[in-house]
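Every number here is computed from the coordinates shown, using simple stated rules; none is lab data. Predicted, not measured: the structure shown is a model, and the values here were computed from it. Heads up, the Cβs are rebuilt from the backbone with ideal geometry, glycines too, and the neighbour counts pull from every protein chain shown.
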Amino acid sequence: MSDPTNPFAAMMKIGQDWARAMNPALESFTPKDFEKFIPTMPKDVMEMFMGKTVNPGGLDARTRLLVTLAGLTIQGAQAEPQIRLTVRHAREAGASKQEIAETIAVAGLFGGVPAMTKAMELAIEAMKEDTP
């Protein structure tokens with residue numbers, strides 16, 4: 001990444017140097033670490049912002065999160081943190097493990113088997129500490 005003729009490599013080096021100068025700990029930062037800072041919202045909060053509170057005739061938070069999970073699954077492995085976060089929120093909003101698995105499986109028809117497999121792995125990872 002230090003090729004001076006490659007503008008992308010030069011841009012990345014400038015960004016890395018800047019991050020190192022601002023906070024040396026950022027040098028080893030990974031996006032997965034960032035997920036630890038995003039708590040799972042309580043079901044009532046999700047329902048208030050994403051559910052029927054604002055739009056009484058619309059989708060509830062659980063359904064919106066399952067739809068979001070389907071879209072993220074179709075995108076493939078580029079949305080790993082978002083998939084884990086959405087799975088955690090969907091569980092909190094009342095989605096069962098089976099509903100999450102079925103959502104991912106149906107989305108796999110559109111996104112392909114590799115996208116479905118990766119999303120299923122991420123969902124299982126996100127639900128490891130989940131007991132219900």
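Compared with the dominant principal axis of the Cα atoms in the chain, helix 7-22 is inclined by about 80°. Compared with the dominant Cα axis of the chain, that is its longest principal axis, helix 61-75 is turned about 40°.
For region 38-126, dividing the convex hull volume of the Cα atoms by the residue count gives 84 Å³ per residue. Between R20 and V106, the C-beta separation translates, for a Förster distance of 41 Å, into a calculated FRET efficiency of about 0.40. Axis angle, to the nearest 10 degrees, between helix 113-126 and the longest C-alpha principal axis of the chain: 80 degrees. In the elastic network of the chain, a GNM with C-alpha springs shorter than 10 Å, the most mobile of L69, L85, L109 is L109. Can you tell me which lysines have their Cα less than 29 Å from the Cα of K43? Leave out same-chain residues fewer than eight positions away. Correct list for K43: K32, K52, K97, K118, K128. Label point of K43 set 7 angstrom out along Cα-Cβ; within region 69-94, amide nitrogens under 20 Å from it belong to 69, 85-94.
Note on the chain: with a GNM built from Cα contacts shorter than 10 Å, the maximum mean-square fluctuation among I38, I83, I100 falls on I38.
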